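Each remark here refers to the structure printed beneath this line.
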Amino acid sequence: MKAVVIEGKGGPDVLQLHDVPVPAPGAGEVLIKVAAAGVNRPDVLQRQGNYPAPKGHSELPGLEVAGVVAALGEGVEGIAAGDAVLALVAGGGYAEYAVAPAVCCIRKPDVMLFTEAAAIPETFFTVWHNVFERGALKAGETFLVHGGTSGIGVTAIQLAKAFGARVITTVGSDEKCAAARALGADIAINYRTEDFSDVIKTETGKSGVDVILDMVGGDYIDKNIRALADDGRLVNIAYQKGSTATVDFMRVMLKRLTITGSTLRIRSNDVKGRIARALEEEVIPLVASGKIEIPVDSTYPLARAADAHARIESSAHIGKIVLTV
Ligand SMILES: NC(=O)c1ccc[n+]([C@@H]2O[C@H](COP(=O)([O-])OP(=O)(O)OC[C@H]3O[C@@H](n4cnc5c(N)ncnc54)[C@H](OP(=O)(O)O)[C@@H]3O)[C@@H](O)[C@H]2O)c1
């Protein structure tokens, strides 16, 4: 099969299309004939040598796919060859065939395009777990997500709104502010022209926000802690500006804050399977009915994975970038 291989760490050009063997599904796994594969920022980190594949998993890039089940490994039940699915994979998505744990597959609704379906798993699993499970966001609370037009951001804005929260987001341009509002954000802050801390003080009557999903880190860590309300929760999923900071922890004690975070890829199939079932039940119907959109910024054929990486690294994109196979 054709697959994208990372030929030594470096820029987008290290992504090269090669002929490689079709992987075989092991016990509890399925082989998927890939129709589309999502591109995520963690793929860029992997390409740069900063996010290696976990032991025992494909070293090929690609954390999510949509396609048709082509073969079943031993012991797989409830899913059959020919089923159209979307799946979270721990690697190997940029390929004509990919292996996924059966528990990480979700049946694709007929109304959903494969390019939309492939753009779902990585960000929906991440947002569901970090915002609703770790962050325990509830209806009526105020939620702040940084990077509102990222793949994660467009998902977080829409899920938080769908479940009844008030949503504030930060983005890097006025065009992105408009896009974030169109997706349902109540307030979109252009962080290049306004300080989000000041806006939050004004907009929340100084009481602050209940949950923050942060992918920025650095000086945002202390600013986030200051922006949280009593009993607030800060969830970190990336540290694009660095993972060290000077923080006054007095606020953590006085406001009874919770600081947490997680990475998805290394979690067990039990955890991922549990998240998949929750999404299947509570979220996929909202996507199928059109209440939640899958904003696809652009699609590229598999052979142009390098261009897709150049696009995500430019940060000009709004929403998801998808490879077609
Ligand atoms: N922990 C996990 O399990 C997990 C899973 C998936 C993704 N992630 C992480 O989540 C992040 C988003 O992933 P993605 O695939 O959605 O990537 P993406 O679409 O490339 O998003 C990165 C975003 O960061 C924004 N950003 C950068 N500096 C910012 C700042 N100072 N303030 C506000 N926003 C800022 C960029 O927006 P502007 O260009 O407008 O600045 C861009 O939209 C990545 O860092 C990724 O590594 C973590």
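Selection within the range 163-174: residues that are in contact (Cβ under 8 Å) with a residue 24 or more places away in the chain and not in a strand (DSSP E or B). The member of this set that is nearest to the ligand (Cβ to nearest atom) is Gly172.
Which one is least open to solvent (accessible area, probe 1.4 Å) among residues in the range 39-51 that are out of contact with any Pro (no Cβ under 7 Å at 6 or more places or on another chain) and more than 8 Å from the ligand (Cβ to nearest atom)? For the range 39-51, the residue satisfying everything is Gly49. Aliphatic (A, V, I, L, M) and over 26 Å from Ala278 (Cα atoms): is that true of Val154 in this structure? No; evaluated as a whole, the condition is false for this residue.
Pairs meeting the criteria (first residue in the range 149-162 and outside any loop (DSSP other than H, G, I, E, B), second residue within 9 Å of the ligand (Cβ to nearest atom) and of a type in the set (D, E, K, R), beta carbons under 6 Å, at least 6 apart or on different chains) are Gly151/Lys320. Residues in the range 175-191: is at least one more than 11 Å from the ligand (Cβ to nearest atom), touching a residue at least 12 places away in the same chain (Cβ under 8 Å) and polar (S, T, N, Q)? Within the range 175-191, not a single residue is more than 11 Å from the ligand (Cβ to nearest atom), touching a residue at least 12 places away in the same chain (Cβ under 8 Å) and polar (S, T, N, Q).
In the range 107-124, what residues are among the β-branched types (Val, Ile, Thr) and under 16 Å from Val322 (Cα atoms)? Scanning the range 107-124 gives Thr115, Ile120, Thr123. No other residue among Lys9, Lys33 is touching a Gly at 6+ places or on another chain (Cβ under 6 Å), open to solvent by 40 Å² or more (accessible area, probe 1.4 Å), in contact (Cβ under 8 Å) with a residue 40 or more places away in the chain and not in a loop (DSSP other than H, G, I, E, B) apart from Lys33. Within the range 12-30, the set of residues being open to solvent by less than 30 Å² (accessible area, probe 1.4 Å) and among the β-branched types (Val, Ile, Thr) comprises Val14, Val30.
Restricting the range 135-148 to residues that are in a strand (DSSP E or B) and away from the ligand (no atom under 11 Å from the Cβ), the residue that is nearest to Leu234 (Cα to Cα) is Phe143. With in contact (Cβ under 8 Å) with a residue 24 or more places away in the chain, open to solvent by 10 Å² or more (accessible area, probe 1.4 Å) and under 19 Å from Ser262 (Cα atoms) as the only criterion, which of Phe124, Phe143, Phe114, Phe132 stands out? The conditions single out Phe132. Looking only at residues in the range 8-36 that are of a type in the set (Gly, Ala, Ser) and modelled with pLDDT of 95 or more, the one that is farthest from the ligand (Cβ to nearest atom) is Ala24. Note on the range 198-305: enclosed strands (runs of 3 or more DSSP E) holding 3 or more residues that are among the hydroxyl-bearing types (Ser, Thr, Tyr), modelled with pLDDT of 95 or more and surrounded by fewer than 21 Cβ atoms within 10 Å (Cβ to Cβ) are 296-301.
The values are calculated or read from the model by the stated rules, or taken from the named source; none is laboratory data. Fair warning: this is a prediction, and the values are worked out from it, not measured in the lab. We place every Cβ from the backbone using ideal geometry, glycine too, and count neighbours over all the protein chains shown. Ligands, DNA and RNA are excluded from the accessible area calculation, which covers all protein heavy atoms including side chains. Shrake-Rupley method; radii C 1.70, N 1.55, O 1.52, S 1.80 Å.
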